[in-house]
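Okay, structure first, notes after.
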Amino acid sequence: PEGNLAGTCSALVAKGDTLVRLQTTLERPLLWTAETPRLYKVVISLKRGDEVLYRMEEKFGFRTVEIRRGDGIYLNGKRILMKGINRHAFWPETGRTLSREIDLMDVQLMKAMHMNAVRCSHYPPDKSFLEICDSLGLYVLDELAGWQNAYSTEAGEPLVREMVLRDRNHPSVIFWSNGNEGGTNPELDDDFLRYDPSGRQVVHCHHRPGNDYNGIETNHYESYESTRSILQDSLIYMTTEFLHAQNDGGGGAGLRDYWELMYGSARSGGGFLWALLDEGVMRTDLGRAIDVNLVNAPDGVLGPHREKEGSFYAIREIFSPVVIPGELPADFDGTIPVENRFFFTNLNACSFHWKLLEFPSPGEQLSGHRVLSEGVVQSPDLGPGKQGKLHLALPGSWSTSDALRLEAFDPSGARIMEWTWPAGNANEWLEASMEGGELPPVAVEDSDSLIILSANGISLTFRKENGLLQEVKNNGNRKISFGNGPLPCTGVPVLEGMDQSREGKKYHLVFHYAGALDRVAWTMYPGGWVEMHYSYTLSGDHAFAGISFDFEEGNVISVRWFGEGPYRVWKNRMEGTTLDVWGKAYNNTMAGTYPWNFPEFKGYHAGVRWMELNTLDGKILVAGDDPVFVRLFEFSAFPEPTHHPPLPPGDLSFLDAIPPIGTKMSTGLNASAASTGPSGMLNALDGTFEHTLYFNFGILP
């Protein structure tokens, strides 16, 4: 316990002595790990009799680090993997001069992503940073590098000496790093050991094969397939840079594939993403805007002031030490499989809670959820690396709620992760909202070129030549800039025929196509609701699949939706979102650029059940019979001359498939998503897709 005396020792100092050895023995000391950062404090006093001439104190920890060649990296006799990231010391207003508060913030943000390691690229950090890594638990690669050019021996020797003497008592420092990408001077390797009595090993961080050292290969920016190949070799592979996170690429995009490959490989040492933050300088000559030098420095999963990009939450989920499967089985009985990916912690030291949720309907104009009931889950006795089950004692009526949420907390009470699964039908409000009551039937105007359907002040105009919705007017007779659809996202439709009919007060309009669409069936209800059932058939590899409409982006004020959120997703970065009712105001944010206003408004949104756009022309509500991806407007992951990756046509899309995103430096200098792993491939499609969407262009009752 803190404050208890663990041991004492003393020695006589003779005149002229420059070195004194103090020695004591501790029986079964508490060991330091990133999961259990137990620290001891040593107090050293130099006395003349009872007079204290000099006193110093320093914290340290007991732990061992081994490189077992051809096997792995071991801490206290247990194999570990680095869930790490590279960190430049930078703050917009002060450059590389940081405060202890910023150091603390950075460590806390890394821990929040469930990282256990940091590479100090490419220079030793402030002492306060290492003290915080000791205290909160991070494995540190302490580096001395001239970036891609090595220090000379003459210049490097005193730098190594000063760094090692300053940092050698920090348990968080597990390796010394000599150089970066060609900046290694091998003549300095033995200097690190000369000044480090604990004998930490040295690694060489490099971007070309054949530069392994001490049995560890560190190659930078290997593709998924070349990573697989290296992991099958005889060396331990601990990549010290991968998945370059320029703008909205890399980082969490592709990480699931890489991490599962690393975690399942016998000779993996894990890796370090590039990088923690966008390095931006506040420019007083530009109105205090932050300058990241175009594409040269927006490399982080955090903004310059530590704003959280979508990758932050994706990494948090992928690196979670508690792993829960994505979907509940059809015969779910309260039992949920769980995997313990801690390296030292038993899950019986963690806690689990369940909640039954109810989501607000669109008419309530609320975000978030209500908790109907909740309970505690018995934590399983499950050691590191083991798989087991959680047993949730749910009430018999649990399936009538809208969703089930499971939350996990670590031994300190900090939230690890949460998982949410839909339960009942949260769109039950839709059927009641569509009732027309005593309203008159839908009116029809049929001319040579147009068909106009009107009900309850809402009118829709269709073009007979192609079956596209041309114009919408709301119940204020105001034109809404929504139309020119549905257009297929891939291919060209050819209209072959049209049917129309009345059913009671409703009116049906059906367009039959060849080519990229099969059929689009519109039904207007007397209350003004509009139903659209569509189908299309697609085969082959495609970036996206679905339908689009035109919509004037400049008229949009905000959005609220029921689905995954609040961040956008990519095919290879589906992690990091949660099922809920979300809302956000319009912004034109691009990750890595001023003013770093997150989450981005525009992009691909996953699992959308309904979405309401608040515009200058009024509100538009779209609900579906099952979840779809919704694409909002024009956006780009990288600041390219054209949108990257390419977008579907139109402005507002309802999709069954979305594209992956690459990384600045997957292989060489390219943005290829395919090189980041299986989820980075295009969508392999073969079949017919059909959905029903419901539109309301007025005011909900």
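Each reported figure results from applying straightforward, stated rules to the coordinates on display, with no laboratory input. Predicted model only: the values in this text are computed from it and were never measured. Cβ atoms come from the backbone with ideal geometry, glycine included; neighbour counts cover every protein chain shown.
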> Once you list every other residue whose beta carbon is under 14 Å from the beta carbon of Phe342, what net charge do they have if Lys and Arg are +1 and Asp and Glu are -1?
Replying inline: +2
> Can you give the charge dipole size of segment 190-341 about its Cα centre, rounded to the nearest 20 debye, using +1 on the beta carbon of Lys and Arg and -1 on the beta carbon of Asp and Glu?
Replying inline: 320
> For the charge dipole of the chain, defined by +1 on Lys and Arg C-beta atoms and -1 on Asp and Glu C-beta atoms about the Cα centroid, which residue among Trp398, Gly179, Val164 has the Cα displaced farthest towards the positive pole?
Replying inline: Val164
> Under 17 Å from the 7 Å Cα→Cβ point of Thr688, by amide nitrogen: which residues of segment 518-548?
Replying inline: 518-522, 533-540, 546
> Any idea how far the Cα center of segment 544-600 sits from the one of segment 141-174, in Å?
Replying inline: 44
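Give the calculated FRET efficiency between Ala6 and Val295 to the nearest 0.05, with a Förster radius of 60 Å applied to their Cβ-Cβ distance. Provide the component values of the computation, followed by the final result.
Details: r = 52 Å, r/R0 = 0.87.
Given R0 = 60 Å and the Cβ-Cβ separation, E is 0.70.
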>> If a paramagnetic tag sat 7 Å from the Cα of Lys479 along the Cα-Cβ line, which residues of segment 519-558 would have the backbone N under 19 Å from that point?
In response: 549-556
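Treating only the Cβ of Lys, Arg, Asp and Glu as charged (+1, +1, -1, -1), what charge dipole size does the chain show about its Cα centre? Round to the nearest 20 debye.
Values: 61 positive and 90 negative charges, 372 e Å.
Computed charge dipole of the chain: roughly 1780 debye.
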> To the nearest 20 debye, what charge dipole does segment 1-62 have about its Cα centre, counting +1 at the Cβ of each Lys and Arg and -1 at the Cβ of each Asp and Glu?
Replying inline: 140
>> Suppose each label sits 7 Å from its Cα in the direction of the beta carbon; what would the Leu366-Ser152 distance come out to in nanometres?
In response: 7.2
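Sort Leu382, Leu165 by Cβ crowding within 10 Å, fewest neighbours at the top.
Values: Leu382 21, Leu165 11.
In increasing order of surrounding Cβ atoms, one gets Leu165, Leu382.
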> Over segment 548-686, one equal point on each Cα, no solvent: what is log10 I(q)/I(0) by the Debye formula at q = 0.12, 0.15, 0.19, 0.20 Å⁻¹?
Replying inline: -0.48, -0.76, -1.21, -1.33
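Counting other C-beta atoms within 10 Å, which of Arg161, Arg631 has the fewest, and how do the rest follow? Walk me through the numbers on the way to the answer.
Working: Arg161 14, Arg631 25.
Fewest-to-most ranking of Arg161, Arg631: Arg161, Arg631.
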> When the Cα centres of segment 673-696 and segment 432-498 are compared, how far apart do they sit, in Å?
Replying inline: 27
> Expressed as cubic angstrom per residue, what is the convex hull volume of the alpha carbon set of the chain?
Replying inline: 191
> segment 265-285 to segment 62-137: how many Å between their Cα centroids?
Replying inline: 12
>> Starting from 0.36 nm per residue, how many nanometres of slack lie between Lys78 and Leu26 once their C-alpha separation is accounted for?
In response: 16.6 nm
>> Quick check: pseudo-label points 7 Å beyond the Cα along Cα→Cβ at Asn214 and Asp626, how many nm apart are they?
In response: 5.4
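Given a Förster distance of 25 Å, report the FRET efficiency between Ser447 and Asn555 from their Cβ-Cβ distance, rounded to the nearest 0.05. Walk me through the numbers before you get to the answer.
Working: r = 28 Å, r/R0 = 1.12.
In this case the efficiency is close to 0.35.
Can you say what percent of the DSSP beta bridges in segment 206-303, counting only those with both residues inside, are antiparallel? Round to 5. Each step should come with its number before you reach the end.
Working: 4 of 10 bridges.
If we restrict to bridges inside segment 206-303, about 40 percent are antiparallel.
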>> Would segment 46-202 count as rounded, prolate or oblate if I go by the C-alpha gyration tensor, calling it rounded below 1.5 in a/c and otherwise prolate when a/b exceeds b/c, oblate otherwise?
In response: rounded
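Quick one: of the DSSP bridges fully inside segment 141-294, what percent are antiparallel, nearest 5?
Numbers: 4 of 17 bridges.
Antiparallel: roughly 25 percent of the beta bridges in segment 141-294.
Using a ≥ b ≥ c from the Cα gyration tensor of segment 172-231 (square roots of the eigenvalues), is it rounded, prolate or oblate, where a/c under 1.5 gives rounded and otherwise the larger of a/b and b/c decides, a/b for prolate? Kindly include the intermediate steps, with their values, before the conclusion.
On the way: a/c = 2.85, a/b = 1.95, b/c = 1.46.
Verdict is prolate for segment 172-231.
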> Just from its helices, what would the mean residue ellipticity at 222 nm be for the chain, if runs of 4 or more DSSP H residues each count -39500 (n - 2.57) and the sum is divided by every residue, rounded to the nearest 500 deg cm²/dmol?
Replying inline: -3000 deg cm²/dmol
> Put +1 on the Cβ of each Lys and Arg and -1 on the Cβ of each Asp and Glu in the chain; which of Asn683, His206, Gly436 then has its Cα farthest toward the positive end of the dipole?
Replying inline: His206
> Say R0 is 35 Å: what FRET efficiency, to the nearest 0.05, do Lys127 and Gln378 get from their beta-carbon distance?
Replying inline: 0.20
>> How high is the relative contact order of segment 548-686? Use alpha-carbon pairs under 8 Å, at least six apart in sequence, and give a whole percent.
In response: 24
> For segment 443-537, what are the per-bin percents of Cα-Cα distances with bins 5 Å wide, up to the bin holding the maximum?
Replying inline: 3, 14, 25, 25, 18, 10, 4, 0
> Rg(Cα) of segment 201-311 divided by 2.2 N^0.38 Å?
Replying inline: 1.24
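Quick check on the exposure proxy: order His643, His369 from fewest to most C-beta atoms within 10 angstrom. Could the numbers behind the result be given before it?
Details: His643 12, His369 21.
Least to most surrounded, the residues fall as His643, His369.
First select every other residue whose beta carbon is under 15 angstrom from the beta carbon of Tyr525; then total the charges, Lys and Arg +1, Asp and Glu -1. Numbers along the way, then the final one.
Numbers: positive: Arg502, Lys505, Lys506; negative: Glu431, Glu435, Glu438, Glu503, Glu531.
After counting each charged neighbour, the total is -2.
Please figure out what share of the DSSP beta bridges in the chain is antiparallel and state it in percent, rounded to the nearest 5.
Values: 146 of 173 bridges.
So the antiparallel bridges amount to about 85 percent of the total.
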>> As an exercise, identify the trypsin sites (Lys or Arg not before Pro) in segment 306-335 lying in DSSP coil whose Cβ has no more than 15 other Cβ atoms within 10 Å.
In response: none
> Any idea what the relative contact order of the chain is, in percent, if you count C-alpha pairs under 8 Å spaced at least 6 apart?
Replying inline: 11
> With point charges of +1 on the Cβ of Lys and Arg and -1 on the Cβ of Asp and Glu, referenced to the Cα centre of the chain, which listed residue (Ile458, Thr24, Ser373) lies farthest in the positive direction of the dipole?
Replying inline: Thr24
> Label-point separation (nm) for His533 and Glu66, each offset 7 Å from Cα along Cα-to-Cβ?
Replying inline: 6.7
> Between Ala289 and residues 5 or more places away or on another chain, which pairs have amide H atoms under 5 Å apart, with H built 1.01 Å from N, and which residues are they?
Replying inline: Arg283
